[in-house]
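Remarks on the structure that follows.
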Amino acid sequence: MPVPLLDLKAQHASIRDEVVASMMRVVDDQLFILGEPVERLEKMVAELSHVKHAIGCANGTDAILLAMRALDIGRGDEVVTTPFTFFATAGTIHNVGATPVFCDIEPDTFNISPAAAAAAVTSKTKAVIPVDLFGQMANVEDVAVRLKGIPVIEDAAQSIGASRMMDGVKRMAGEVCTIGTFSFFPSKNLGGYGDGGMMVTQSDALATRLKRLRVHGGAKMYFHDEVGFNSRLDALQAAVLAAKLPHLSHWSAGRRANAAYYSSNLADVSEIQLPWVDAANESIFNQYTIRTDRRDELQAYLKSRGIGSSIYYPLPLHLQPCFAYLGYKEGQFPESERASKEVLSLPIFPELTSAQLDEVVGTVRAFYGR
């Protein structure tokens, strides 16, 4: 039985009428850029994330870039982040003129090591970007304590709706950092029918500036306080996302249930390391990522039987050719490098059937002779 890594058609079939109706309201109004649909989604995301402000933008990459611009990060500055993440996290640092400074990850969660982040700080450090990898929040509170006074930009592209207990209080992704950033790329737990992004903050001043930066740096049309960007969230995408957002908690619960099923039925396969979720976290399982030293063999075996999988991420950012100018060497961040050689993500989307789950489990077990 074939099992895809992700089946967006299955999700769309279950909500098609809601989404189409929401989109057609925009089409009928013929108002496609910003406006009421975007404002409505911004309010919904702000409520979900327990923040005062949510500001839509064109995509998740722009969300990080605009966050740094709002914090006046540029040439001569350094920003600390993890090398084990999607390229956009560090690419945006480069693109604002700053220097990415990498530090290693925790081997269990794959998230940034707060101690390593603190050790990477210099007099030029202007921000730190922890990434909530695979749907589980990073230890952003420890990062903030160790890097006291340095702005925290939480790359929450994979974690909208995730939460973490901090001092006995449930905090949402993006809630406690200086600026949080989300991506609505179609494969995300809350994905659009195209690109989209969002920034969240508790700061009135930062929200005002982020709104200005996304429209060429002007709060009033044809009057520009600074040079900004064209990074407006499409009203059609906002309409799609507003229709989908009420389903997010149900979908995330489905992903957690699928993860629990995998973990229960693969627990005795000693050759693989199952995902570990920090007790303080409620993950949304954007990915279900195992570790094995026979990763490439296992992936080939799964593929031969029609089961989708993916490697996030096969080469850490500090070893990417485009960052050779930074001078990092192989072996410098051993946990990130080891993870890149061992990780494999299995299908986890909430529409998986029991038969599909059993097919994945059975195939993994068969590979290891169980």
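The values are calculated or read from the model by the stated rules, or taken from the named source; none is laboratory data. A quick note: this is a predicted structure, and the numbers were derived from the prediction, not measured. Cβ placement follows ideal geometry from the backbone for every residue including glycine, while neighbour counts extend to all protein chains displayed.
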Search result, residues across the stretch 111-145 that are closer than 17 Å to H318 by Cβ and touching a Phe, Trp or Tyr at 6+ places or on another chain (Cβ under 6 Å): L133
For the stretch 5-92, list the helices (runs of 4 or more DSSP H) that sit wholly inside it and hold at least 2 residues that are surrounded by fewer than 18 Cβ atoms within 10 Å (Cβ to Cβ), assigned by TED's automatic domain parsing to the domain that holds K126 and free of Cβ contacts under 8 Å to residues at least 60 places away in the same chain; which are they? 8-29, 36-49
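For every residue, the table says whether it meets (1) crowded, with 17+ Cβ neighbours inside 10 Å; (2) hydrophobic (A, V, I, L, M, F, W, C).
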{"position": "V200", "(1), (2)": "yes, yes"}
{"position": "F223", "(1), (2)": "no, yes"}
{"position": "E226", "(1), (2)": "no, no"}
{"position": "L236", "(1), (2)": "yes, yes"}
{"position": "V240", "(1), (2)": "yes, yes"}
{"position": "P246", "(1), (2)": "no, no"}
{"position": "R256", "(1), (2)": "yes, no"}
{"position": "Y262", "(1), (2)": "yes, no"}
{"position": "D268", "(1), (2)": "no, no"}
With the structure loaded, tell me whether T82 is within 16 Å of the chain's Cα centre (by Cα) and farther than 21 Å from S231 by Cα or whether it fails that test. yes
Would you check if there is a residue in the stretch 259-270 being within 21 Å of S354 (Cα to Cα), in contact (Cβ under 8 Å) with a residue 60 or more places away in the chain and assigned to a loop (DSSP other than H, G, I, E, B)? yes
Of the residues F323, F349, which is over 20 Å from E271 (Cβ atoms) and outside any loop (DSSP other than H, G, I, E, B)? F323
Give the stretch 21-48 a look and list any residue that's within 30 Å of V176 (Cα to Cα) and charged (D, E, K, R), or say none. E36, E39, R40, E42, K43, E47
Just need a number here: residues in the stretch 285-314 that are over 21 Å from A259 (Cβ atoms) and under 18 Å from the mean Cα position of the chain (by Cα). 1
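Being touching a strand residue (DSSP E or B) at 6+ places or on another chain (Cβ under 8 Å), closer than 21 Å to R209 by Cβ and not acidic (D, E): is that true of V3 here?
Answer is no for this residue.
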For the stretch 354-363, check the following and say yes or no: at least one residue is assigned to a loop (DSSP other than H, G, I, E, B), surrounded by 15 or more Cβ atoms within 10 Å (Cβ to Cβ) and on the phi < 0 side of the Ramachandran plot. no
